[in-house]
Amino acid sequence: MPSDQIILQGMRFYGYHGVNPEEKILGQTYIVDLEAKLDLTRPGNSDDLEDTVSYSHIYRSTKAIVEGESRNLLEALAQSIADRTLADFPVEAVSVTVKKPNPPIKGSFIEHAAVRIYRRRENDRQSST
């Protein structure tokens, strides 16, 4: 497993996720951190974009998911991001953290609720999107 990573931290998107009806109507900001594990030796030596994974492509892929189809759970949103990243990019593994700032919990003062998942590419099958 390579220890090199491409890291995108603090990506902000507006989406309509949650189990409460008002969350699906009003929406809110979501913050996503993503770490993609892959061997970066070749692009490190070649200095050629063709030899690596473009972080702007990962960003756009993540944006399409968060700003797309509504999901009830942060877990499902994170899983969709991980599945798409593994399917579309030559990475060995991905860690995805999805944060929901100021979650609607009555009487709470929570900065954010979050989930973090880690998924690895399986040699014998492709991840689905």
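Mind giving me the nanometre distance, one decimal, between the label points for ASN102 and ARG12, set 7 Å out from Cα along Cα→Cβ?
Taking the simple label geometry, ASN102 and ARG12 are separated by 1.2 nm.
Mind checking which of SER70, SER108, SER95 has the largest fluctuation in a GNM of the chain, springs on alpha carbons under 10 Å?
Fluctuation is largest for SER108.
Using 1/(1 + (r/R0)^6) with R0 = 35 angstrom and r between the beta carbons of SER3 and HIS112, what's the FRET efficiency to the nearest 0.05?
Details: r = 28 Å, r/R0 = 0.80.
Between SER3 and HIS112 the formula returns 0.80.
Between ILE81, ILE65, ILE105, where does the largest GNM mean-square fluctuation fall for the chain, given springs only between Cα atoms within less than 10 Å?
Maximum among the listed residues: ILE105.
When the accessible area of the chain is computed with all protein chains present and a 1.4 Å probe, what percentage of it is carbon and sulfur?
On the way: 3720 of 7850 Å².
Solvent-exposed carbon and sulfur of the chain make up 47 percent of the total.
Could you tell me the center-to-center distance, by alpha carbons, between the stretch 1-20 and the stretch 33-101 in angstrom?
Rounded to whole Å, the Cα centres lie 7 Å apart.
Any chance you could give the angle, 0 to 90 degrees and rounded to 10, that helix 55-66 forms with the longest Cα principal axis of the chain?
Helix 55-66 and the main axis of the chain meet at about 30 degrees.
Set Lys and Arg Cβ to +1 and Asp and Glu Cβ to -1, take the dipole of the chain about its Cα centre, and tell me which of ALA64, PRO43, ILE7 lies farthest positive.
ALA64
Residue separation times 0.36 nm, minus the C-alpha to C-alpha distance between SER56 and GLU69: what's the value? Don't skip to the answer; put the middle values down first.
On the way: separation 13, 0.36 × 13 = 4.68 nm, distance 2.10 nm.
This chain segment gains 2.6 nm when fully extended.
Below 8 Å between Cα atoms, with a sequence gap of 6+, how large is the relative contact order for the chain in percent? Present the calculation step by step, with values, prior to reporting the outcome.
Working: 236 pairs, mean separation 33.1, N = 129.
Across the chain, relative contact order equals 26 percent.
Pop a pseudo-label 7 angstrom from the Cα along the beta-carbon direction at both LEU40 and ARG120 and give the gap in nm to one decimal.
Reported label-point gap for LEU40 and ARG120 is 2.1 nm.
The values are calculated or read from the model by the stated rules, or taken from the named source; none is laboratory data. Predicted model, so just to flag it, every value in this text is computed and none were measured. We place every Cβ from the backbone using ideal geometry, glycine too, and count neighbours over all the protein chains shown. Surface areas here come from the heavy atoms of the whole protein model, side chains and all, with no ligands, DNA or RNA. Shrake-Rupley method; radii C 1.70, N 1.55, O 1.52, S 1.80 Å.
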